[in-house]
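Beneath this line is the structure, given in structure tokens, with notes to follow.
The values are calculated or read from the model by the stated rules, or taken from the named source; none is laboratory data. Given the structure is predicted, the values throughout are model-derived calculations rather than measurements. Here Cβ is always computed from backbone atoms with ideal geometry, including for glycine, and neighbour counts include all displayed protein chains. Areas reflect the complete protein model, heavy atoms only, side chains present, ligands, DNA and RNA absent. Shrake-Rupley method; radii C 1.70, N 1.55, O 1.52, S 1.80 Å.
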Amino acid sequence: MTTPSDDAPFRIDDDDRYGRLRLISWWRQERLAAAKVLVVGAGALGNEVLKNLALVGVGTTYIIDMDVVEPSNLARSVLFRAEDGGRPKAEAAARRAGELNPDVIFLPIRGDVVTDVGLGLFAHVDLVIGCLDNREARLWVNRQCWKVGKPWIDAGIQEIQGVVKVFTPPTSACYECAMTARDYQLLNLRYSCPLLKRDEILAGKVPTAPTIASMMAALQVQEALKILHGMPVAGGTAMVFNGVGNQFYTTKLPFREDCLSHESYPAPIEIPLDRSARVGELFDAAAAAGLSGPRSLWLERELVEAVECPRCDVRREVMRPRASVRQAEAVCPECAEPALPIVHSAIEEGSALASRALGEVGIPPWDVVRVDGGGESRFFLLADDRDASNAAREDLR
């Protein structure tokens, strides 16, 4: 029996896809293979993030984006091709990223992260990477991550400048901690007086070069690798790069004790319901869990039930979250004057809305919902939505 001597040549297995990565002393490929990541946004930044996640072998990546591929995306997005025109960005990016590495899975979701992604998905993944272009979506992701204690890594780019921010709830400063009065003012400009989205305000038209997207996305994935390996990261900090003067610096973000984002949810009670169940069935499950009545379902996404014109006595049902309703939809077809939205922040037991499906009142798949009653609150996970998602994932393997 022979043993290798100290001066025996070190051999690299070039047949191993991850052979060179395993040479990094702290690298654990099995950790990455088991990891689950949510990428919010599949534009220029998202393309680069997804490319890097594929190359390093992160096991499962969920991708959420509401837009479709346009010709202007082709100069800045490494995963898109001309033939992808008109196709949902999430689907096109998932397909191309999957071609880079057959070992991993990319699960696309076409939709808005604010209205179409349940809190259960945030709780399911190990971390979130934000590749967004507006304050509203960033603030929403920040609050969702804080509720379930998940780290998230944000980035913003413009021209050849960029910033990457790392947030590690509940101990670090968060995105909202650093928001200024001007940020809140700009956020509020997205809505008109009746709190419906202004049609004339367009987001996501920021001029950027592909180089800065590559650089900031690389920093995002590098921080993600450290988190997934249990290595320390500087939570509550911003890494800022000015490409004009090639200046790079890191700054610590302020921590606000009274920050509205610093809300943590308790572990939810899993119930065998999905969003097709009636609100009344949720109340029955809450009663079975010991929550006394009268009970009410708190709507994290305010529901626009209808718009009404008192002048013409016209009512039109909407039944969508407020964030997805545009100002033009609140115009009376008879007199062309603004109508009034009927908005709900909660649904009471025994009300007409209690007979509606959870999905009809704005509850997204795999959500964690809060039911109030008897002076207390309980949180419930719509577990059957998770089971459906897992089945879809197996179909993609």
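Check Cys177, Cys131 and return the single one that is farther than 28 Å from Ala383 by Cβ and either at pLDDT below 95 or surrounded by fewer than 24 Cβ atoms within 10 Å (Cβ to Cβ) (or both).
Cys177
Mind checking which pairs have a first residue in the range 15-41 that is farther than 25 Å from Asp154 by Cβ and a second that is surrounded by fewer than 13 Cβ atoms within 10 Å (Cβ to Cβ), Cβ under 6 Å, 6 or more apart or different chains?
Taking only residues 6 or more apart or on different chains, the pairs are Gly19/Ile12; Gly19/Asp13.
Could you tell me whether any residue of the range 50-65 is aromatic (Phe, Trp, Tyr) and over 19 Å from Leu100 (Cα atoms)?
Looking through the range 50-65, none of the residues is aromatic (Phe, Trp, Tyr) and over 19 Å from Leu100 (Cα atoms).
When the range 265-309 is examined, which residues are found to be touching a strand residue (DSSP E or B) at 6+ places or on another chain (Cβ under 6 Å), assigned to a strand (DSSP E or B), of a type in the set (Asp, Glu) and crowded, with 19+ Cβ neighbours inside 10 Å?
The answer is Glu305, and nothing else.
Working only within the range 313-365, note down all residues that are closer than 20 Å to Gly111 by Cα, modelled with pLDDT of 95 or more and either touching a His at 6+ places or on another chain (Cβ under 6 Å) or open to solvent by 50 Å² or more (accessible area, probe 1.4 Å) (or both).
Correct list: Arg320, Glu360, Pro365.
Keeping to the range 1-45, report how many residues are open to solvent by less than 60 Å² (accessible area, probe 1.4 Å), among the charged types (D, E, K, R) and modelled with pLDDT of 95 or more.
1
Looking only at the range 235-258, count every residue that is buried (at least 16 other Cβ atoms within 10 Å of the Cβ) and either among the small types (Gly, Ala, Ser) or touching a Ser or Thr at 6+ places or on another chain (Cβ under 6 Å) (or both) and tell me the total.
Within the range 235-258, residues that are buried (at least 16 other Cβ atoms within 10 Å of the Cβ) and either among the small types (Gly, Ala, Ser) or touching a Ser or Thr at 6+ places or on another chain (Cβ under 6 Å) (or both) number 6.
Would you pick out the residues in the range 366-377 that are part of a strand (DSSP E or B) and open to solvent by 60 Å² or more (accessible area, probe 1.4 Å)?
Glu376, the sole residue that qualifies.
Considering each residue of the range 46-58, count those that are open to solvent by less than 10 Å² (accessible area, probe 1.4 Å) and either in contact with a strand residue (DSSP E or B) (Cβ under 7 Å, 6 or more places away or on another chain) or hydrophobic (A, V, I, L, M, F, W, C) (or both), and give that number. Steps first, answer last, please.
In the first step, residues of the range 46-58 are kept if they are open to solvent by less than 10 Å² (accessible area, probe 1.4 Å); the result is 46-47, 49-50, 53-54, 57-58.
With either in contact with a strand residue (DSSP E or B) (Cβ under 7 Å, 6 or more places away or on another chain) or hydrophobic (A, V, I, L, M, F, W, C) (or both) added as a condition, the list becomes 46, 49-50, 53-54, 58.
Qualifying residue count, the range 46-58: 6.
Cβ-Cβ below 8 Å, separation at least six or inter-chain, first residue in the range 240-252 and farther than 14 Å from Met216 by Cβ, second in a strand (DSSP E or B) and hydroxyl-bearing (Ser, Thr, Tyr): which pairs?
Between residues of the range 240-252 that are farther than 14 Å from Met216 by Cβ and residues that are in a strand (DSSP E or B) and hydroxyl-bearing (Ser, Thr, Tyr), the close pairs are Thr251/Thr237; Lys252/Thr237.
Got a sec? Which of Arg138, Arg143 is assigned to a helix (DSSP H, G or I), open to solvent by 10 Å² or more (accessible area, probe 1.4 Å), more than 16 Å from Ala42 (Cα to Cα) and not polar (S, T, N, Q)?
Values: Arg138 fails: more than 16 Å from Ala42 (Cα to Cα).
Of Arg138, Arg143, the one residue that is assigned to a helix (DSSP H, G or I), open to solvent by 10 Å² or more (accessible area, probe 1.4 Å), more than 16 Å from Ala42 (Cα to Cα) and not polar (S, T, N, Q) is Arg143.
Output the qualifying pairs, or none if there are none: Cβ atoms under 8 angstrom, residues six or more apart or on different chains, first residue in the range 182-196 and modelled with pLDDT of 65 or more, second residue in a helix (DSSP H, G or I) and aliphatic (A, V, I, L, M).
Note: pairs meeting the criteria are Leu187/Leu139; Pro194/Ala330; Leu196/Ala330.
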